[in-house]
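Chemist: Here it is: the structure, laid out below.
The values are calculated or read from the model by the stated rules, or taken from the named source; none is laboratory data. Quantities reported herein were computed from a predicted structural model and do not represent experimental measurements. When we count neighbours, we look across all protein chains shown, and the Cβ atoms used for this are built from the backbone with ideal geometry, even at glycine. The protein model used for the area step is the full one, side chains on, heavy atoms only, and it has no ligands, DNA or RNA in it. Shrake-Rupley method; radii C 1.70, N 1.55, O 1.52, S 1.80 Å.
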Amino acid sequence: MAKAKHHLISLALVAAAACHAEEIRGRVLDSSHAAVARAWVTLYSQGSPEARKTRASDGGEFAFRQVAPGAYLLSASAAGFAQSPPFRVNLAGGQIESLDIVLDVQRVAEHVTITASGTPLSVDSTAKAITVLDAADMDRREEFSLAEVLRQVPGMRVQQLGGPGAFTRLHTRGLRASDTSILIDGFRLRDAGSPQGDASAFLSDLLVVDPSRVEVLRGSGSSLYGTHAIGGVVQVVTDSGGGPLHGEVSAEGGGLGMFRGLARMGGGALGGRLQYSAGVAHLNVTGGVDGSDRARNTSGQGWLQYALRESTRLSARLFATGAYADLNSTPFAGPDANLPASGIIPAIPLAPGQLALADAGLPFAWGNATFAPSLNDPDASRKAREVSSLFGLTHNLSPATTLRLSYQALTTSRDNRDGPGGASFQPLFNNSAVYDGRIDNAQGRIDSQWGKRHLLTAGYEFERERFTNLSTDQNPDPASRVFARTSVSEASHSVFAQDQLRFFDSRLLVSLSGRWQGFALNRPKFEGGAPVYGSQALETPPDAFTGDGAVAWMARAGTKFRAHVGNAYRAPALYERFGTSFYGGSFFAYGDPRLRPERSIAADGGFDQYFAHSRLRVSGTYFYTRLQSVIAFGALQLGRDPFDRFSGYLNTRGGLARGFESSAEASLARGMRISGSYTYTRSQERTPIFDDGLLLSPRIPRHLATILVTQPIGKHAEITSDIALAGSSVTPFYTGAGTRAFVFPGARKADLAASYSIPLHDRASLQLFTRVENFLNRTWYEDGFRVPKAWAVGGMKLVF
């Protein structure tokens, strides 16, 4: 908010700071002007998302050395206090800045975000709808996966088709799973081998390992982040380390046969010139929902940053996962006699006794059931691996201008295996479908402050992606055995620019951005199968142009009004262009190399209001998104398709999603914190997915609500209740009368986490904790897949 507000907000920093070209130093104090020992202090450069972090001494003193002249954001946090509001520090040679801001206990935290613009900003200084979940939020909830962390975000539906390790979708503001872009430290995380080229295939594998925070931008973001950012952007920011050596080692276990171990550490060396952090986690589930849903995951995440000189920094980041999961059969519809002749079908599962028989492969009776939930499939499994390596160089060309050069190498691999065992339709022989992807991304950008009003950004990005699909089976007849490989690659070039403007002493904020992306598609290679695309001339995919504008007005009464409008796109995935499938020894072509990008336009507007000296924050946003053109999978007219497909990917009309999201956060007496949200969404298709013409969008409930309550008990204990509610939604099922809509009641998920800390000495503690998932023991189904009822884990954590 406005600069004067920093002296009024309830959580703040007191720093008598001497700011030189080489150093920023000061003290962290509480509201009584006593020193706050061992507080964390973070320094953000205006032109770079990379942060420097240090820890204050027992007397509250901190120092950043070898700081280049320029503009910075400074923020502090400490146990028992909310994070301080970030404030601006402008460094010039020999200049001294004195600040008098106090840490307070009772206030709503203000965070720094980099996702709204690609540069560090206070959340209160952006004109877009942003949610920031920091590491402390995740620790209080004792969450171990990214999907569970995101359940509290307004307007976002998390749909997990089973227990830990099961396939997971994110639906932002009533849109499809592929409309949310996932970033790790500013670069896209996606699977070049997945049908839509998004990150959905790997969402279930993303564990909480070594993050500093997770940021969620709701609304179009393609002008900054390119493809897939139609409904929003989720960014995981790796902890940058810094300060004295610190970390934790934890172990937990319990229900579903689950065990998890985590070790992470961070620190600094060489007088603060070197910062590092690293973490590794292992998850092992031996039982799962039905007692035979095994899942394993080993993940690592780390960051290294070295200052060659005060104006030049090198950085490297690694993010890697290796996962395995047993798969269940896809739920299927009951006999036509159990289904109403028309209209939406109520989803009635098999009775528990009959479900047990079906799981065992024995004859069962349908009764009045309309669908069979996910039955055990003894020979279906998934192995997955992803490795993302990021290297960067940041150089301050001048106090006002920063150059960033970055390169990311991302490799992904999935091996889906199945066999003749299990219910419903199964292959005759054991088979394997391997999807390997590789994305190389190089980016250069310049951020420059022009006067007091303009922060300009301009950049270029090159991306090359490759996709290989190998399909094999174990047909006992060697002559009929399948061995088919498809390989295809594509390159793209992007140019982007942004101007962030401030007027009226930063009370009026305006952001304008634009992006152009051009594509070059290479001819695919085929081995085995029928090369139906080999004789067709390849057309250059159409260019993508996106633009974005946002404006915010800061009223003097602690009120911010904001509006955001932009268009977005999704480039056709390589599988959508050249995808094939083999089933029962037969070859099927699904792709169309002529596909055009998906396009959309979105707008939202809302407000953020503070009350009671920033102890209460209320927000409301109306949103509207029109999918102008999308890529769908559907039936094709025989004889009219140049690739002789009878079904496959095609361009078609899109849909519409609009609604209202509201949220509130309060810091009450005795450290109690309460937050909650409610979202109303109406989504519909322009081209029906269901054969009876129903235009409802699948999997999108009209109502979403969240509640999060944290209550400290004394100095060492804390309890957190985390509740996520969803209304009913429809899911497509194949029946004898075609694709019909089954309506499923929504989730009623309530979790409870509790912890107790035992101080070992002034720099270490032992924490005992427990987490109860779905403690109300509710039963619901996600797309017909069973989810766990009440289960719990307990563990201990050494924090140093």
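Chemist: Evaluate the following for P732: is it farther than 20 Å from G620 by Cβ and either touching a strand residue (DSSP E or B) at 6+ places or on another chain (Cβ under 7 Å) or of a type in the set (G, A, S) (or both)? Give the steps one after another, and end with the answer.
Modeler: Details: farther than 20 Å from G620 by Cβ: yes; either touching a strand residue (DSSP E or B) at 6+ places or on another chain (Cβ under 7 Å) or of a type in the set (G, A, S) (or both): yes.
So P732 passes the test.
Chemist: Just name the residue that is most open to solvent (accessible area, probe 1.4 Å) out of those in the stretch 666-683 that are at pLDDT below 95 and either touching a Gly at 6+ places or on another chain (Cβ under 8 Å) or assigned to a helix (DSSP H, G or I) (or both).
Modeler: Residue satisfying both the conditions and the ranking: R670.
Chemist: A further question follows. Considering only the stretch 494-519, state which residues are of a type in the set (S, T, Y) and outside any strand (DSSP E or B).
Modeler: Of everything in the stretch 494-519, just one residue is of a type in the set (S, T, Y) and outside any strand (DSSP E or B), namely S506.
Chemist: So, in the stretch 353-403, exactly how many residues are under 24 Å from S292 (Cβ atoms), open to solvent by less than 30 Å² (accessible area, probe 1.4 Å) and either without any contact (Cβ under 8 Å) to a residue 24 or more places away in the chain or in a strand (DSSP E or B) (or both)? Spell out the reasoning first.
Modeler: To start, the set of residues in the stretch 353-403 that are under 24 Å from S292 (Cβ atoms) comprises 353-366, 369, 371-385.
Then drop every residue that is not open to solvent by less than 30 Å² (accessible area, probe 1.4 Å), which leaves 355, 358, 369, 371-375, 377, 380-382, 384.
Then keep just the ones that are either without any contact (Cβ under 8 Å) to a residue 24 or more places away in the chain or in a strand (DSSP E or B) (or both); that gives 355, 371-372, 377, 380-382, 384.
Residues meeting the conditions: 8.
Chemist: Sticking with this structure for a sec: Out of (1) open to solvent by 40 Å² or more (accessible area, probe 1.4 Å); (2) touching a strand residue (DSSP E or B) at 6+ places or on another chain (Cβ under 6 Å); (3) part of a strand (DSSP E or B), the odd one out for L308 is which?
Modeler: (2)
Chemist: With G547, G566 as the choices, which residue is surrounded by 22 or more Cβ atoms within 10 Å (Cβ to Cβ) and over 19 Å from A192 (Cα atoms)?
Modeler: Values: G547 fails: surrounded by 22 or more Cβ atoms within 10 Å (Cβ to Cβ).
None of the others qualify; the one that does is G566.
Chemist: Restricted to the stretch 311-333, and to residues that are among the hydroxyl-bearing types (S, T, Y) and either outside any loop (DSSP other than H, G, I, E, B) or in contact with a Cys (Cβ under 6 Å, 6 or more places away or on another chain) (or both), which residue is most open to solvent (accessible area, probe 1.4 Å)? Break it down into steps so the answer makes sense when it comes.
Modeler: Just the residues of the stretch 311-333 that are among the hydroxyl-bearing types (S, T, Y), to begin with: 311-312, 315, 321, 324, 329-330.
Those still in the list that are either outside any loop (DSSP other than H, G, I, E, B) or in contact with a Cys (Cβ under 6 Å, 6 or more places away or on another chain) (or both) too: 312, 315, 321, 324.
Numbers: T312: 10, S315: 16, T321: 8, Y324: 35 Å².
Once the filter is applied, the top-ranked residue is Y324.
Chemist: Follow-up. Quick one: is L256 modelled with pLDDT of 95 or more, of a type in the set (A, V, I, L, M, F, W, C), outside any strand (DSSP E or B) and closer than 30 Å to S432 by Cα? Reasoning before the result, please.
Modeler: Numbers: modelled with pLDDT of 95 or more: yes; of a type in the set (A, V, I, L, M, F, W, C): yes; outside any strand (DSSP E or B): yes; closer than 30 Å to S432 by Cα: yes.
Answer is yes for this residue.
Chemist: Now a separate question. May I ask you to say which residue of L262, L206, L224 is out of contact with any Lys or Arg (no Cβ under 7 Å at 6 or more places or on another chain) and surrounded by fewer than 24 Cβ atoms within 10 Å (Cβ to Cβ)?
Modeler: Values: L206 fails: surrounded by fewer than 24 Cβ atoms within 10 Å (Cβ to Cβ); L224 fails: surrounded by fewer than 24 Cβ atoms within 10 Å (Cβ to Cβ).
Residue meeting the stated conditions: L262.
Chemist: Something else about it: Please list, ordered by first then second residue, the pairs with beta carbon atoms under 7 Å, 6 or more apart or interchain, first in the stretch 411-428 and more than 28 Å from G334 (Cβ to Cβ), second open to solvent by less than 20 Å² (accessible area, probe 1.4 Å) and part of a loop (DSSP other than H, G, I, E, B).
Modeler: T412/D191; T412/A192; T412/G193; R414/G193
Chemist: Out of E142, E148, I need the residue that is modelled with pLDDT under 95, acidic (D, E) and open to solvent by less than 20 Å² (accessible area, probe 1.4 Å). Which one?
Modeler: On the way: E148 fails: modelled with pLDDT under 95.
Result of the check over E142, E148: E142.
Chemist: Considering only residues of the stretch 424-477 that are among the hydrophobic types (A, V, I, L, M, F, W, C) and outside any strand (DSSP E or B), which is least open to solvent (accessible area, probe 1.4 Å)? Give the steps one after another, and end with the answer.
Modeler: Filtering the stretch 424-477 down to residues among the hydrophobic types (A, V, I, L, M, F, W, C) leaves 425, 428-429, 433-434, 439, 442, 446, 450, 455-456, 458, 462, 467, 470.
Narrowing further to those that are outside any strand (DSSP E or B): 425, 428-429.
Details: F425: 179, L428: 126, F429: 60 Å².
That would be F429.
Chemist: While we're looking at this one, here's another question. Suppose we filter the stretch 175-199 for residues that are over 15 Å from the mean Cα position of the chain (by Cα) and open to solvent by 10 Å² or more (accessible area, probe 1.4 Å); how many remain?
Modeler: 2
Chemist: Just for the stretch 630-661: of the residues that are touching a Gly at 6+ places or on another chain (Cβ under 7 Å), among the small types (G, A, S) and buried (at least 18 other Cβ atoms within 10 Å of the Cβ), which one is nearest to P597 (Cα to Cα)?
Modeler: My answer is G648.
Chemist: Restricting attention to the stretch 478-487, does a residue exist that is open to solvent by 40 Å² or more (accessible area, probe 1.4 Å), of a type outside the set (A, V, I, L, M), in a strand (DSSP E or B) and closer than 30 Å to T115 by Cα?
Modeler: As a first pass, look at the stretch 478-487 and keep what is open to solvent by 40 Å² or more (accessible area, probe 1.4 Å): 478-481, 483, 485.
Filter once more, keeping what is of a type outside the set (A, V, I, L, M): 478, 480-481, 483, 485.
Of the ones still in play, those that are also in a strand (DSSP E or B) are 483, 485.
Adding the requirement that they be closer than 30 Å to T115 by Cα leaves none.
Looking through the stretch 478-487, none of the residues is open to solvent by 40 Å² or more (accessible area, probe 1.4 Å), of a type outside the set (A, V, I, L, M), in a strand (DSSP E or B) and closer than 30 Å to T115 by Cα.
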